[in-house]
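Structure record follows, encoded as structure tokens.
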């Protein structure tokens, strides 16, 4: 990681520059690993642990104050930083053992930096890709206020290696051009269909309202979860009857997912029916596998968005100047990826451990601290 941070171009002139940019970014990552949330807290972290840690990070003087951190982070080249960190995260994914080709799934979804948006910060909506299996965020990108998520999603997909991978997304990103781009890159998709694709939704509803046709292949799967004070039952059916009939790019199967949730304490019953499409043929993904992929898509909520909001307090952060909202979010994603790659499932507990042993935090980003 420290080698990646050293590749970020420094916008400052050499005259009067006291702190290397790589050292500043390493300081931010190390402090975040220890649970420090804001740039003010990061500056305080740099003053807490002694000169040997400061020197190990690459500083020749005292670590920078909060005002210096703010000045630097708001002017860092956000696009280069996001691209470098995204490439690093993709490298982690390739190195992770224990997965067969064609089984890796990536969820794409957006998240708004609510506190920064309230303060009028531009580009406060971020679109990210998250690996289902390891919980590492790939290629985060800010969505300009003058556009929407769709063109940004197309650009994000161009940055990812899609061959042999499955991309999952919600209904907002279920668009023909996105499906076409994934298929053209020799990847596969699992998409949820809602009213934004009325003809396809009507076709799917018609398929499952009728009995199976001759030659049609259908599969079904169910799951039952008991916990957290509720009973949740899911049932998914698939059909390949629209393959060759629908002109949706790459369509191989359609599916219908029914969810029923019973709240034990009140007896309240919630029901939902969701339609979807996939380019995966039945031989590669039956109903049980598609059900797992649809459920896995929400890892981006509970393994990324929830952690950023609860553990790192992202939604309450009101930074708004320059690129600092997006830079801080990119560093949070990187820190979460580092922690998960190191084998920790509880991010908050890992941050507490790193706070007690800051040398371990530096070691995780590639810095060895020499004992005095």
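Worth pointing out:
- 80, 241 arranged by Cβ crowding within 10 Å, fewest neighbours leading: 80, 241
- Site pair residue 60 and residue 288 shows an inter-label distance of 6.3 nm when each label is modelled 7 Å from Cα along Cα→Cβ.
- Label-to-label distance for residue 321 and residue 247 is 5.3 nm, based on points extended 7 Å past Cα in the beta-carbon direction.
- The modelled label-to-label distance for the pair residue 263/residue 301, using points 7 Å beyond Cα in the direction of Cβ, is 1.6 nm.
- Shape category assigned to segment 140-299 from the gyration tensor of Cα positions, a/c cut at 1.5: oblate
- Answer label for Cα Rg over 2.2 N^0.38 Å (calculated), chosen among (i) 0.95; (ii) 1.02; (iii) 1.10: (iii)
- Residues 70, 52 in ascending order of nearby Cβ atoms (within 10 Å, fewest first): 52, 70.
- Fully extended contour minus Cα-Cα distance, from residue 12 to residue 370, at 0.36 nm per residue: 125.9 nm
- Sum of -39500 (n - 2.57) over DSSP H runs of 4+, divided by residues of the chain (222 nm, nearest 500): -11500 deg cm²/dmol
- On Cα atoms only, tilt of 347-356 relative to the major axis of the chain in degrees: 20 degrees
- Each residue in 352, 256, 230 was given a count of other beta-carbon atoms within 10 angstrom of its own, and listing them fewest first yields 352, 230, 256.
- Gyration tensor verdict on segment 1-48 (Cα atoms; rounded if a/c is under 1.5, prolate if a/b is larger than b/c, oblate otherwise): oblate
- Part-to-part distance (alpha-carbon centres) for segment 31-46 and segment 167-205, which is given in Å: 41 Å
- Quotient of Cα Rg and 2.2 N^0.38 Å for segment 221-372, N being how many residues it contains: 1.46
- Full extension of the chain between residue 51 and residue 271 yields a length gain of 73.4 nm, computed as 0.36 nm times the residue separation minus the alpha carbon distance.
- In terms of the mean number of neighbouring beta-carbon atoms within 10 Å, the peptides 259-265, 35-41, 126-132 order highest first as 126-132, 35-41, 259-265.
Here, each number is a calculation from the coordinates, and none is a lab measurement. A quick note: this is a predicted structure, and the numbers were derived from the prediction, not measured. Virtual Cβ from ideal backbone geometry, glycine too; neighbours counted across all protein chains shown.
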